[in-house]
Amino acid sequence: MRLAELSERSGVSTATIKYYLREGLLPPGRRVSATTAEYGEEHLRRLRLVRAIVQVGKVPVATAREVLAHVDDDSLGRTIRLGAALWALPHGPEPDPSDPAAVDAVREVERLLGMLGWSGARELGALSPVYRSLVVAVATLRRLGYPWDAELMAPYARLMHEAARRDLDFVETHPTEVEKAEVVVAATILFQPVMEALHRLAQEEESHRRYGFE
């Protein structure tokens, strides 16, 4: 398809598509003349992903470029490829190693991973920004007087593991490594609000079952 058709099918203006091409967020099309290129379904799919990252996820263009570079890196194994793409997305504040609450949080997170037998997560440890985000969250709770520990977190973690299995079952329905990585990035940005909303709806439902609408 030509640029005009790509624009029409995606709902993205030609000016914006050209900008994404210049910024390296969208791979160049197949050149058919000095001034014309053709684009395929993979460009349409990538364009939709770029819009999700930049517009919905509010991710800066430079960060989006880094995420997509990992998505396209054929030299990486699947686990590293998916992890690198997700790690490049923005994350929260870093834990303060001098904060006693953070030290306690690290201990509880490590104890949790041991209880669950999550050897992969434990091996990555503080290399993972997700691990560090969990430490910050647990440390904040502990400072507020909510002593979240491994025992309290374990049932939630097991529920999340089941969700993760379902996530990867869905990822594996996509045929290529690039598409698998793309769907992981898209799901991280777009599916997290769904999970959060379902959690809150479930809380509302359980509250109603226990206490009614009093």
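The values are calculated or read from the model by the stated rules, or taken from the named source; none is laboratory data. Worth saying up front: this structure is predicted, and the values here are computed from it rather than measured. All Cβ positions, even for glycine, are placed from backbone atoms using ideal geometry, and neighbour counts span all protein chains on display. Just so you know, the surface numbers come from the protein's heavy atoms only, side chains and all, with ligands and any DNA or RNA stripped out. Shrake-Rupley method; radii C 1.70, N 1.55, O 1.52, S 1.80 Å.
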Residues that are open to solvent by less than 10 Å² (accessible area, probe 1.4 Å) and within 30 Å of Pro175 (Cα to Cα), drawn from region 82-109: Ala85
Subset of region 34-77 [open to solvent by 80 Å² or more (accessible area, probe 1.4 Å), farther than 19 Å from Lys180 by Cα and either part of a loop (DSSP other than H, G, I, E, B) or small (Gly, Ala, Ser) (or both)]: Ala34, Thr35, Lys58
Cβ-Cβ under 8 Å pairs, at least 6 apart or on other chains, region 93-112 side among the hydrophobic types (A, V, I, L, M, F, W, C), far side open to solvent by 90 Å² or more (accessible area, probe 1.4 Å): Ala101/Arg143; Val103/Pro97
Filtered residue count, region 63-105, keeping only those that are of a type in the set (Lys, Arg) and either over 16 Å from Ala187 (Cα atoms) or touching a Gly at 6+ places or on another chain (Cβ under 8 Å) (or both): 2
Evaluation of Pro175 against (1) within 28 Å of Asp74 (Cβ to Cβ); (2) free of Cβ contacts under 8 Å to residues at least 24 places away in the same chain; (3) surrounded by 11 or more Cβ atoms within 10 Å (Cβ to Cβ) (one fails), failing number: (3)
Members of region 155-165 that are touching a residue at least 12 places away in the same chain (Cβ under 8 Å) and open to solvent by 70 Å² or more (accessible area, probe 1.4 Å): Arg158, His161
Residue among Leu112, Leu190, Leu152, Leu141 that is over 30 Å from Asp74 (Cβ atoms), out of contact with any strand residue (DSSP E or B) (no Cβ under 6 Å at 6 or more places or on another chain) and open to solvent by 70 Å² or more (accessible area, probe 1.4 Å): Leu152
Qualifying positions in region 55-82 - among the hydrophobic types (A, V, I, L, M, F, W, C) and under 13 Å from the mean Cα position of the chain (by Cα): Val56, Val59, Ala64, Val67, Leu68, Val71, Leu82
Residue check for Tyr131: without any contact (Cβ under 8 Å) to a residue 40 or more places away in the chain, aromatic (Phe, Trp, Tyr) and crowded, with 17+ Cβ neighbours inside 10 Å: yes
Residue tally, condition open to solvent by 20 Å² or more (accessible area, probe 1.4 Å), closer than 18 Å to Pro60 by Cα and not in a loop (DSSP other than H, G, I, E, B), over region 19-33: 3
Residue within region 105-122 that is modelled with pLDDT of 90 or more, among the aromatic types (Phe, Trp, Tyr) and at negative phi present: yes
Condition check for Val50: among the aliphatic types (A, V, I, L, M) and either without any contact (Cβ under 8 Å) to a residue 60 or more places away in the chain or over 22 Å from Ala85 (Cβ atoms) (or both): yes
Where a residue in region 10-36 is at positive phi and its partner, wherever it lies, is open to solvent by 50 Å² or more (accessible area, probe 1.4 Å), with Cβ under 6 Å and at least six apart: Gly24/Arg65
Hits in region 115-124 - residues which are hydrophobic (A, V, I, L, M, F, W, C) and open to solvent by 60 Å² or more (accessible area, probe 1.4 Å): Met115, Trp118, Leu124
